[in-house]
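So the structure is just underneath, and the comments pick up after that.
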Amino acid sequence: MTYNDIWRRIAASLGDGEAKAVVRILLEDGYGLSYTDILCGGVERLDAGDAERLESDVRRLEDGCPVQYVVGRALFAGRSFRVSPAVLIPRPETEQLCSLVVEAMAERPEGVTILDVGTGSGCIASTLALDVPHARVSAWDISPEAIAVAHGNAQELGAAVDFVLQDALNPPVHSGRWDAIVSNPPYICRKEQGGMEQNVLAHEPHLALFVPDADPLLFYRSIAHYAAGALKPGGCLFFEINPLYVRETERMLCDEGFHDVHTVRDIFGKERNTVCCKE
């Protein structure tokens, strides 16, 4: 089996360009082959055990499994994170959410406190722990499997994060605890499934994706209500949001008493990240 054999097997569903990129990720991250190795016949020189494993991995790709789950890793903000089907695959647009927090917290004194709600792989929490000097970062998730993945990533990266098993819809009562709260919670309505990629629907955890059609702001409202009390005076709330509900999200935050409510467009031009502050 050659590199060309592999990408052609999955090109029918992905197209030639994406298939080549996916196979390159598989071979580089999963088998330690450089791009030069790949082009110079490195696939054919794999030993019998790796060749058998590669065949299994290619079949998973043919079945639509995202390459990040096949290799068990995804890049985020310049770092490699372990991922499993228990957590969403980190997206590049979420890197901007982290950048907004880092920029805002850079102006604060040392020892800022940050909470990541719905941490998943821990990509946001670990990134902030590493990129905000002297920050004390905590992270919640309702899934024990996600907490395990996130904790493993933090240990591997040397990020100091306190992970807590906690339901965002039933938060504790805290007062003046955090300088920043950040969240990329479930926000896709079930009615939007028709426009989603099949490999996302078939393989990524629905618990982390979907909210009821009748209540698209379910998580935002709960987290905002918690943040209204739990943020320190002048603290900030950062959300990745559903662009279909920008105005509704902003209005809800204003109703909760936040000020300077505004939404920033992501790298794809969509209104994606909403920021606000507590008096």
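Overview of results
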{"item": "Number of positions in the range 37-73 that are among the small types (Gly, Ala, Ser), assigned to a helix (DSSP H, G or I) and touching a residue at least 24 places away in the same chain (Cβ under 8 Å)", "result": "1"}
{"item": "Scan of the range 252-279 for residues that are in contact with a Leu (Cβ under 8 Å, 6 or more places away or on another chain) and either aliphatic (A, V, I, L, M) or at pLDDT below 95 (or both), ordered by number", "result": "Met252, Leu253, Val261, Val264, Val275"}
{"item": "Residue in the range 157-179 that is of a type in the set (Phe, Trp, Tyr) and touching a His at 6+ places or on another chain (Cβ under 9 Å) present", "result": "yes"}
{"item": "Members of the range 5-20 that are surrounded by fewer than 13 Cβ atoms within 10 Å (Cβ to Cβ) and in a helix (DSSP H, G or I)", "result": "Asp5, Ala12, Asp16, Gly17"}
{"item": "Of all residues in the range 220-279 being closer than 13 Å to Trp178 by Cα and out of contact with any strand residue (DSSP E or B) (no Cβ under 9 Å at 6 or more places or on another chain), the one that is surrounded by the fewest Cβ atoms within 10 Å (Cβ to Cβ)", "result": "Pro233"}
{"item": "Residue count for the range 116-149, restricted to those that are assigned to a loop (DSSP other than H, G, I, E, B) and of a type in the set (S, T, N, Q)", "result": "3"}
{"item": "Options Leu33, Leu27: the member that is touching a helix residue (DSSP H, G or I) at 6+ places or on another chain (Cβ under 6 Å), surrounded by 18 or more Cβ atoms within 10 Å (Cβ to Cβ), free of Cβ contacts under 8 Å to residues at least 40 places away in the same chain and not in a helix (DSSP H, G or I)", "result": "Leu33"}
{"item": "Residue that is without any contact (Cβ under 8 Å) to a residue 24 or more places away in the chain, assigned to a helix (DSSP H, G or I) and assigned by TED's automatic domain parsing to the domain that holds Val117, where the choices are Gly229, Gly194, Gly152", "result": "Gly194"}
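The values are calculated or read from the model by the stated rules, or taken from the named source; none is laboratory data. Just so it is clear, the model here is predicted, and its values are computed rather than measured. Virtual Cβ from ideal backbone geometry, glycine too; neighbours counted across all protein chains shown.
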